[in-house]
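The values are calculated or read from the model by the stated rules, or taken from the named source; none is laboratory data. Source: prediction; values computed, not measured. Areas reflect the complete protein model, heavy atoms only, side chains present, ligands, DNA and RNA absent. Shrake-Rupley method; radii C 1.70, N 1.55, O 1.52, S 1.80 Å.
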Amino acid sequence: MGGLSASDAFWTHLRTLCLDQFPCGTGGWNKSRFSQRKSKTTWPFTQQRASLALCDQLIPPTEETAESLIEFLRCPDSLWALPRDGSPEDQQLRELAVWTPQVIQDSFIFSYFKSLRIVNKGVNEIDANLLKFPNLEELILSANQISKINSANLPPTLKVLELCGNELECLKDLCALPPPELQHLGLGHNCQLGSSQEDYLTNTYWPKLVSLDLSYNNFTDLLRLLCKLKTLKKLRVLVLQGNPFALMPGYRGFTIDSLPKLCALDDDNITPDERHSFLGISSKPALLQEDIEMVVTIGKIRGIPYPVVSEDLENIPEFPVVTYSYYVTYEFAKGEKLSSGRKTKVATSKNKVSSMLTVESPSPEGAGSNVSPTADAPVKPDSPVKLDSPNMTNVYYTLRKSWAETTECEYRKEHITKDLVALKAYLLAGTTLAVVEEKIVSWPVESPVETPSKKGKGKAEKGKPEKEKKNKEKEDKGKAEKGKPKDGGKGSNKKKKKTASPDLRSDPPILKTLGSVHVNLQSLLAGESLLTTVCDFGVLITELGSPPSALKEKDGKKAKNKDKKPKGGTDTTAARKSPPPAKGKGRKQESPRGADAQVVQPVPLTVEFQMQHHKWKSASQILIKSRLST
């Protein structure tokens with residue numbers, strides 16, 4: 001199977017201590033000292049050390065004193081320093097091998113160790129050789145591959161047994177012959193250990209248990225587990241965080257009120273005020289059926305690059321019209337409850353329709369080659385989209401917003417669920433935030449043309465260019481007279497109809513992900529009620545194009561030269577919306593070296609993200625909320 005027993009791992013570790021090699025043990029570095037005192041090996045240890053210290057003054061110059069050998073072991077920069085995974089007992093044993101190496105025998109080693117720490121060594125078996133340690137009180141076997149335990153091989157003197165991070169599925173074998181003096185049992189992070197194992201956590205098997213760690217397992221029935229834990233008369237410290245039932249809003253209150261002798265829960269001490277605030281709640285188990293509420297809030301977006309525009313403003317055609325908008329997506333666990341009578345709270349802007357930033361470009365491909373078109377219609381904001389992915393999540397979208405240096409998302413959504421297992425898996429995996437740019441290209445709708453008769457068909461085709469010229473002259477004339485005062489006649493109405501913007505049809509939206517980042521949510525699973533972070537997507541490199549400051553300068557020059565043009569001419573580019581002036585960070589500013597030189601101050605793309613887990617803080621809060629819900 002590729003594993004090994006606990007005793008084999010112990011001897012492998014013991015060999016790394018080099019108890020029979022320099023500076024420990026005996027050899028040319030201290031041989032003369034021990035050959036002179038063979039008859040004194042039966043002295044008490046304190047007398048032997050005093051005798052060694054006295055004889056160190058008489059050793060040959062080619063040998064080392066005991067103090068210098070000990071210094072080799074204690075100096076952190078020494079080649080013979082204790083390995084990183086060593087324990088204080090290992091260091092004491094090595095120093096003992098310097099002072100009295102003749103006592104380092106197997107029988108002495110077995111009786112010497114009171115604690116064995118074998119962590120992440122690939123152990124998959126607890127063998128009978130552990131019974132050779134008569135004084136063993138602490139056995140730590142965390143982060144190994146143990147799936148089955150033969151309790152007959154555990155020393156009866158054990159007081160601490162740590163099996164965190166293994167592959168345990170059942171506690172039946174462990175409880176067949178449990179150590180009678182055990183005070184701490186660590187079973188955390190055994191993902192397959194869960195409900196149906198509560199019967200083995202009673203006073204029958206663990207009469208002296210003071211501390212129990214069941215964190216990050218798969219227990220889902222809190223009431224059943226608490227019913228069994230009540231029988232542990234000496235239990236004072238309990239760790240249950242990371243289990244699915246720990247996500248219930250009333251989990252901590254029920255646990256504290258159900259176990260009145262408990263002193264600490266999930267590494268937090270239980271204060272008298274907290275115990276009083278939840279007094280009597282354990283008599284109302286129906287309150288545990290309340291829904292789990294997770295509120296997601298997305299705040300400000302900063303650092304969105306300005307949409308790319310063409311540098312040649314003079315030759316930009318009137319159509320197509322290109323609009324850009326931006327939104328944020330995130331994932332949430334499947335199995336969300338469809339609210340009946342509850343409404344999802346989504347904060348939106350006061351305007352029902354967000355204004356879109358319009359930037360005109362000569363072709364739809366003006367935004368860069370990384371944009372991939374899609375035939376799907378725009379997704380409704382705040383609507384979940386199911387994905388066939390192994391992490392079993394839905395994707396949610398915020399409202400689309402126009403470009404701004406700082407964009408207020410104003411998004412808040414309350415997710416309601418009862419699927420504890422799916423929610424735990426989601427929090428363990430975390431969520432992914434992405435900022436998406438949506439580009440929509442709009443074209444004028446062609447008006448229907450009447451079919452000409454056969455006789456006039458040839459004449460209409462011949463006169464087509466002349467009509468187009470006349471229509472164009474009328475349009476130019478209307479634009480030139482746009483600024484003149486209205487005379488209120490019939491002619492003014494005709495001009496309005498001619499200058500009115502035509503109806504536009506939009507191509508399918510082109511979506512581009514500006515950046516995505518993973519958000520760790522494990523702190524919420526560990527018991528925290530609020531997670532606040534600013535997601536940093538890094539500085540985005542925009543496509544080649546005119547920055548807003550350059551565009552502003554060009555528009556300024558055109559405005560100065562406007563008076564030089566003849567009265568009948570029009571400047572269509574000057575009437576268009578120009579980009580905002582270059583202000584703040586992330587915009588190109590003039591360099592002191594010269595007017596043409598520019599310094600770029602990049603601003604990273606960031607999104608404010610918050611997730612809150614609603615929990616009950618007192619029994620009164622639970623009762624009031626339950627009455628309101630009924």
| query | What is the set of long-range amide H partners of H415 at a cut-off below 5 Å, with H atoms built 1.01 Å from backbone N? | reply | M294, V295, V296
| Along the stretch 16-24, what does the Karplus equation 6.51 cos²θ - 1.76 cosθ + 1.60 (θ = phi - 60°) give for ³J(HN,Hα), rounded to whole Hz, x for Gly and Pro? | 5, 6, 6, 6, 10, 10, 4, x, 8
| note | The answer for the stretch 172-313, accessible area per residue at 1.4 Å probe in Å², is 40
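Could you give the length gained by full extension between K172 and S442, i.e. 0.36 nm per residue of separation minus their alpha carbon distance, to one decimal place? Provide the component values of the computation, followed by the final result.
Working: separation 270, 0.36 × 270 = 97.20 nm, distance 6.94 nm.
Extra length from K172 to S442 when fully extended: 90.3 nm.
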| query | Can you list the HN-Hα couplings for the stretch 321-327, worked out from phi with the Karplus curve (6.51, -1.76, 1.60; θ = phi - 60°), rounded to whole Hz and with x for Gly and Pro? | reply | 9, 10, 10, 10, 9, 9, 8
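Return the subset of K230/K424; K334/K413; K284/K615; K172/K424 for which the Cα-Cα distance in this structure is over 19 Å, preserving the input order. Kindly include the intermediate steps, with their values, before the conclusion.
Details: K230/K424 26 Å; K334/K413 15 Å; K284/K615 17 Å; K172/K424 26 Å.
Result: K230/K424; K172/K424 exceed 19 Å.
How big is the antiparallel share of DSSP beta bridges in the stretch 180-275, given as a percent to the nearest 5? Working shown, then result.
Details: 2 of 11 bridges.
In the stretch 180-275, DSSP labels about 20 percent of beta bridges as antiparallel.
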| message | If amide hydrogens are placed 1.01 Å from N in the peptide plane, which non-local residues have theirs closer than 5 Å to the one on L540? | response | L605
| query | When the Karplus curve 6.51 cos²θ - 1.76 cosθ + 1.60 is applied with θ = phi - 60°, which whole-Hz ³J(HN,Hα) does each residue of the stretch 25-30 get, with x for Gly and Pro? | reply | x, 10, x, x, 7, 8
| field | Ellipsoid semi-axes in whole angstrom, largest first, where each is sqrt(5λ) of the Cα gyration tensor of the stretch 187-337 | value | 53, 17, 15
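Could you please state how large a percent of the accessible area of the stretch 70-113 is carbon and sulfur, counting protein chains only and using a 1.4 Å probe?
Details: 1320 of 2450 Å².
Using a 1.4 Å probe with all protein chains present, the stretch 70-113 comes out at 54 percent carbon and sulfur.
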| task | Give me D for the stretch 122-245 in µm² s⁻¹, whole number, from Stokes-Einstein with Rh from the Kirkwood sum over alpha-carbon pairs, 10 °C and 1.306 mPa s. | result | 110
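For the stretch 129-279, calculate the relative contact order in percent as a whole number, restricting contacts to Cα pairs under 8 Å that are 6 or more residues apart.
Numbers: 303 pairs, mean separation 24.0, N = 151.
Over the stretch 129-279, the number comes to 16 percent.
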